[in-house]
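Following: one structure in structure tokens, then a few remarks.
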Amino acid sequence: MKNQLNPQLKDIHAALAAGTLIPYLGSGLLEQMPDCPVPDSPEKLAALMSTKVTVPHKIRKRLTAVAQFIENFKHRKTVVDLMRQAFSASVTPTSLQKSLAAHPNIPMIVDVWYDDAMRNALNARTDWGQVQGLSQAEHFGIWFQYYDAAGKAVVEETADDWKTVLYQPIGAFAPAQNYLVSDSDYVEVLTEIDIQTPIPPLVQTLRRGRHFLFLGCRFNDQLQRTFARQIIKRSSDQHWAVLEGVPTRNEQRFMAEYGIRQIDMPLAEFEAAFMPETAIACTSV
């Protein structure tokens with residue numbers, strides 16, 4: 001693999017070396033993990049919540065609908081508590097996440113799942129911080145919050161000293177249990193997202209002219225496509241997605257429209273090619 005690297009991987013390594021690569025991580029990263037202690041997909045999270053609270057059979061596989069039903073009939077606090085139970089177990093980072101965290105030239109990492117694995121990988125450093133999306137059900141009028149490496153809420157100006165920003169647009173368990181998960185959570189955000197109100201100014205600045213690398217993500221859901229579209233807005237016109245197999249028709253249209261090139265290989269195989277020493281070797285070829 002080292003001697004016959006896909007040309008797209010060489011472009012990715014070059015972007016990494018130039019500081020113009022932004023990894024965009026989805027729940028699929030956790031599928032590589034044996035005995036993962038938290039749900040590794042929206043479907044599994046919906047199923048888990050449905051075992052705790054009885055919900056109509058027709059919505060049991062739809063996470064946002066399950067969360068909305070529970071919020072309507074059992075209160076928002078019940079939703080938050082179920083999310084706490086689902087994600088309270090600390091997740092050991094994958095080798096790929098550790099590699100991303102250790103690289104000095106990555107300005108931002110986007111993580112669109114609720115676990116703490118990427119945060120745990122970054123904890124080996126002190127020159128980073130995170131910004132998370134907030135639910136309007138709990139923080140009306142406030143769309144996001146910044147946190148330093150210790151998990152303390154800080155003002156936006158603090159981020160000027162960060163080398164890497166961990167952006168979690170749908171929240172996460174750590175450090176403050178912020179969750180966008182119900183239909184109403186997303187309705188509030190999607191109402192404003194076209195004018196970019198929920199997207200932190202720091203994120204808008206860091207994405208300009210940069211390339212996104214989608215890992216563990218699918219685009220077969222309208223909500224996932226909408227978030228990805230709005231987050232990569234005004235970035236470059238060249239991105240990549242590690243997506244094994246034939247994409248769905250919706251995925252193909254979405255990727256073609258936004259310049260996302262498919263890398264058809266298993267994540268584990270990509271991980272082996274992406275390690276920093278391999279990246280350095282590729283840029284010198």
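The values are calculated or read from the model by the stated rules, or taken from the named source; none is laboratory data. All of these numbers come straight from a predicted model, not from anything done at the bench. So basically every Cβ, Gly included, is an ideal-geometry build from the backbone, and we count neighbours across all protein chains shown.
List of remarks:
- Filter result for residue 129 (on the phi > 0 side of the Ramachandran plot and either of a type outside the set (Ser, Thr, Tyr) or part of a loop (DSSP other than H, G, I, E, B) (or both)): no
- Residue in segment 168-185 that is closer than 19 Å to residue 107 by Cβ and either out of contact with any Cys (no Cβ under 9 Å at 6 or more places or on another chain) or touching a residue at least 24 places away in the same chain (Cβ under 8 Å) (or both) present: yes
- Taking segment 238-269 as the range and being at pLDDT 95 or above and of a type in the set (Asp, Glu) as the test, the residues that pass are 251, 257.
- In a residue-by-residue description of segment 23-31, the property of being more than 25 Å from residue 216 (Cα to Cα), assigned to a helix (DSSP H, G or I) and in contact (Cβ under 8 Å) with a residue 12 or more places away in the chain applies to no position.
- Enumeration of residues in segment 85-109 that are in a loop (DSSP other than H, G, I, E, B), surrounded by 17 or more Cβ atoms within 10 Å (Cβ to Cβ) and polar (S, T, N, Q): 94
- So residue 219, is it in the same structural domain as residue 118 (by TED's automatic domain parsing), within 25 Å of residue 100 (Cβ to Cβ), crowded, with 23+ Cβ neighbours inside 10 Å and touching a His at 6+ places or on another chain (Cβ under 6 Å): no
- Of all residues making up segment 110-160, the number that are crowded, with 16+ Cβ neighbours inside 10 Å, free of Cβ contacts under 8 Å to residues at least 40 places away in the same chain, of a type in the set (Gly, Ala, Ser) and touching a Phe, Trp or Tyr at 6+ places or on another chain (Cβ under 9 Å): 2
- Selection of strands (runs of 3 or more DSSP E) fully inside segment 174-285 by the criterion of at least 2 residues being over 30 Å from residue 136 (Cα atoms) returns 239-242, 260-263.
- Remark: pairs (first residue in segment 60-73, modelled with pLDDT under 95; second residue among the hydroxyl-bearing types (Ser, Thr, Tyr); Cβ separation under 6 Å; 6+ apart in sequence or on different chains) = 60/50.
- Set 50, 41, 27: member being surrounded by 14 or more Cβ atoms within 10 Å (Cβ to Cβ), of a type in the set (Gly, Ala, Ser), over 19 Å from the mean Cα position of the chain (by Cα) and at pLDDT 95 or above: 50
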